[in-house]
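Just below is one structure, and these are the notes that go with it.
The values are calculated or read from the model by the stated rules, or taken from the named source; none is laboratory data. Quick caveat, the model's predicted, so the values are computed rather than measured. No Cβ is skipped: glycine too gets one built from the backbone with ideal geometry, and neighbour counts run over all protein chains shown. Just the protein is used for accessible areas: all its heavy atoms, side chains included, with ligands, DNA and RNA removed. Shrake-Rupley method; radii C 1.70, N 1.55, O 1.52, S 1.80 Å.
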Amino acid sequence: MIEAAQSTGNPVLNTAVFGLFVALTLFLVFKVSTRNSSTSDYYAAGGRFTGAQNGIALSGDFLSAASFLGIAGAIAVNGYDGFLYSIGFLVAWLVNLLLIAELVRNTGRFTMGDVISFRMRQRPVRAAAATSTLVISFFYMLAQMAGAGGLVALLLGVHGKGGQAIVIMIVGLVMIFYVLVGGMQGTTWVQIVKASMLIVCVVLMTVFLLGKFGFSISALLDGAAEHNPKGDKVLTPGALYGKNGISKLDFVSLSLALILGAAGLPHVLMRFYTVPNAGQARRSVVWAVGSMSVFYLATLVIGYGASALVGADVIANSTGKENSAAPLLAFEIGGPLLLGVVAAVAFATILAVVAGLTITASASFAHDVYANIIKKGNADAPSEVRVARLTAVVVGALSIIGGIMANGQNVAFLVALAFAFAASANLSTLLYSLFWKRFNTTGTLWAMYTGLGSCLLLVIFSPVVSGKSTSIFPAASFDIFPLSNPGIVSIPVSFIAGFLGTLLSKDQGDQARQKEMEVRSLTGIGA
Amino acid sequence: MTEVARPLPRASVPPVPLTGMGADARHAAGPDYSAIVDSEAFTALRKRFRRYVFPMTALFLAWYLTYVLLAAYAPGFMGVRLTGSVTIGLVLGVLQFVSTIAITWGYVRYARRAIDPQVAQIRQEAGVDRP
């Protein structure tokens, strides 16, 4: 049984269910793609989505394959420490709810750059915002695409690198098609379909598992501990991060990046423009919090359930390692059909998340760089949309190439790194520009570039890049910075740089625009 | 949690009227932001908004960091079994979910009662929305 699931499950069935998803979403994309000529349609779906729809789409953007397969697997193999990710990812939404969502919706139109450049000098700040958006989106995307290769091997039985490259390319092409034809409207519908499938799927598995253990959490936990070589340790923190002082500090650093990063992710911020007003933006976050609470609690049960029913050893030694926990569990409890569904959901997840990232990157380039820096705000809508579509093709092509090159590399850290970048470069500038009157252009640039730069430098000199058997360059060793996640240093550095840059510059800022931004962000007047 | 999240009683927060805005502010090409920002109504709105979101942010960040530090540096405590194999760590983790949902619910309630009417008042008097 398990042998069969480990190698392939039933590739034909897996492909068929996935094909069904693609067909359904393509139909939707075509159906909604009638109006995509204006910038507002292409970037923000004309602001026509409801809070509930956008909330589900937000969770679709946020629940990447790393969340679904990665966290369930981490809980199955390492127990409690996997759960710590879930909590960080969820609590992070409070930053969005209280400080970001409504104000960003009121202030900007299409991109993060709209908000932070609102009362600053346009060109340098937009350039910084676009740089940060592109860097973050690219890292995030690379992580998704690189994971696709492993998933192909696990679920479709394609083990050769050449075959995997072809599948990655097909996934990439379908994604580009969604973005080109559907714009934000189509991409949002893809997210809604995918997020609904994902949540229904994990809830059904969870109810089944709980039933199997007589609705006793304690029995489930005992089962998980019994079938894990780590035993009772899976019920307490420490199995993954508890080794020594450095690993504990690394965990604290990661936690900071997770909780402060979500509100700075450009593709999450851009979602707030697809609803008509701040009230609906608030509702979006409420729906996102609701659906993600359900999802992450379900992953806890699925993770421990996979350990109890499949066995942590079997998972750790299977083709996809930790990532195969959820698929193997699906096979165990529902046979090839359920495995097919889980496989399709996992693929759909990669497809949808990459589509969301692509549209964000293309919007930032077309709106911030082309329309506002190159054309100085005088670009006409059709040519701006044309540039956005062209950028989407380039970004999509880059993600395919990057995905093929990174296939098989250890790139799981890239997601956590994207969060660290977002927390360091974007959150500080967003909060300062929304809440601190005195903040000015110099402060913005200092905060952004110091945040991005310190993050990048610390990662280059961390064990992620060199010095360990798991590093990208295991043979070299220039790992002077001991932590894998730079957040604990780079986040404060960015905040301090923004503060100092502001005070040390003579720039008093544009008072009129500052007042306008303050009124607009809180009341929506002028939005 | 609910104690902190409890909004002001309905009666105590009638919208503060917008003062200091000339009639021309309503009919000029754009709203007079400078007048709005200094108006009593807007100052009251900003105060109500910040009075809720800043302490609440501090609260959930502190509670999350406490949890993270306990998980990192006090695994023994987190491993204490409460009932069956359910540990303190697991209960605290689930409580993070509970507090997140409670704060979300509390904010939505507060915003509906104390913020939204005030925003509507300011928008109306600025001539953006019809009465």
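A:Val29: touching a residue at least 24 places away in the same chain (Cβ under 8 Å), among the β-branched types (Val, Ile, Thr), touching a Phe, Trp or Tyr at 6+ places or on another chain (Cβ under 6 Å) and away from every other protein chain (no Cβ under 14 Å), yes or no? Please lay out each step first, then the result.
On the way: touching a residue at least 24 places away in the same chain (Cβ under 8 Å): yes; among the β-branched types (Val, Ile, Thr): yes; touching a Phe, Trp or Tyr at 6+ places or on another chain (Cβ under 6 Å): yes; away from every other protein chain (no Cβ under 14 Å): yes.
So A:Val29 fits the description; yes.
How many of the residues in the range A:30-56 are open to solvent by less than 20 Å² (accessible area, probe 1.4 Å) and at pLDDT below 85?
Residues that pass the stated criteria total 1.
Looking at the range A:495-527, which of its residues are of a type in the set (A, V, I, L, M) and facing another protein chain (nearest Cβ under 9 Å)? So that I can check it myself, show each step before the final result.
Filtering the range A:495-527 down to residues of a type in the set (A, V, I, L, M) leaves A:496-497, A:500, A:503-504, A:512, A:517, A:519, A:522, A:525, A:527.
Hits for the range A:495-527 are A:Ala512, A:Met517, A:Val519, A:Leu522, A:Ile525.
Tell me yes or no: at least one residue of the range A:110-118 is surrounded by fewer than 24 Cβ atoms within 10 Å (Cβ to Cβ) and over 19 Å from A:Glu516 (Cα atoms).
No, the range A:110-118 contains no residue that is surrounded by fewer than 24 Cβ atoms within 10 Å (Cβ to Cβ) and over 19 Å from A:Glu516 (Cα atoms).
Among B:Ala120, B:Ala111, which is the only one that is open to solvent by less than 10 Å² (accessible area, probe 1.4 Å) and either over 30 Å from A:Asp250 (Cα atoms) or touching a His at 6+ places or on another chain (Cβ under 7 Å) (or both)?
Values: B:Ala120 fails: open to solvent by less than 10 Å² (accessible area, probe 1.4 Å).
Result: B:Ala111 is the single residue among B:Ala120, B:Ala111 that is open to solvent by less than 10 Å² (accessible area, probe 1.4 Å) and either over 30 Å from A:Asp250 (Cα atoms) or touching a His at 6+ places or on another chain (Cβ under 7 Å) (or both).
Output the residue which, of all residues in the range A:458-474 that are of a type in the set (A, V, I, L, M, F, W, C) and touching a residue at least 24 places away in the same chain (Cβ under 8 Å), is most open to solvent (accessible area, probe 1.4 Å). Quick ask: steps written out before the conclusion?
So the first thing to find is which residues in the range A:458-474 are of a type in the set (A, V, I, L, M, F, W, C), and the list is A:458-461, A:464-465, A:472-473.
Of the ones still in play, those that are also touching a residue at least 24 places away in the same chain (Cβ under 8 Å) are A:458-459, A:464, A:472.
Values: A:Leu458: 34, A:Val459: 12, A:Val464: 18, A:Ile472: 70 Å².
Ranking the qualifying residues of the range A:458-474, first place goes to A:Ile472.
Just checking, which of A:Gly320, A:Gly305 is over 16 Å from A:His227 (Cβ atoms), buried (at least 20 other Cβ atoms within 10 Å of the Cβ) and not acidic (Asp, Glu)?
On the way: A:Gly305 fails: over 16 Å from A:His227 (Cβ atoms).
Exactly one residue qualifies, and that residue is A:Gly320.
Looking at the structure I just gave you, is A:Gly214 open to solvent by less than 40 Å² (accessible area, probe 1.4 Å), over 12 Å from A:Tyr304 (Cβ atoms) and either in a helix (DSSP H, G or I) or within 14 Å of chain B (Cβ to nearest Cβ) (or both)? Steps first, please.
Numbers: open to solvent by less than 40 Å² (accessible area, probe 1.4 Å): no; over 12 Å from A:Tyr304 (Cβ atoms): yes; either in a helix (DSSP H, G or I) or within 14 Å of chain B (Cβ to nearest Cβ) (or both): yes.
Against the criterion (open to solvent by less than 40 Å² (accessible area, probe 1.4 Å), over 12 Å from A:Tyr304 (Cβ atoms) and either in a helix (DSSP H, G or I) or within 14 Å of chain B (Cβ to nearest Cβ) (or both)), A:Gly214 does not qualify.
I'd like the full set of residues that are farther than 10 Å from A:Ala72 by Cα, part of a helix (DSSP H, G or I) and either modelled with pLDDT of 85 or more or among the small types (Gly, Ala, Ser) (or both), limited to the range A:316-326. Talk me through it step by step, then tell me what you get.
From the range A:316-326, those farther than 10 Å from A:Ala72 by Cα are A:316-321; that's our starting set.
Restricting the remaining residues to those that are part of a helix (DSSP H, G or I) gives A:316, A:321.
Hit for the range A:316-326 is A:Ala316, nothing else.
How about the range A:404-518: which helices (runs of 4 or more DSSP H) wholly inside it have at least 1 residues that are of a type in the set (Ser, Thr, Tyr)? Let's see the steps before the verdict.
On the way: elements: A:413-421, A:428-435, A:441-460, A:487-504.
Output list reads A:428-435, A:441-460, A:487-504.
Only residues that are more than 8 Å from every other protein chain (Cβ to nearest Cβ) and surrounded by 24 or more Cβ atoms within 10 Å (Cβ to Cβ): list them for the range A:68-85, please.
Across the range A:68-85, the qualifying residues are A:Leu69, A:Ile71, A:Ala72, A:Gly73, A:Ala74, A:Ile75, A:Ala76, A:Val77, A:Asn78, A:Gly79, A:Gly82.
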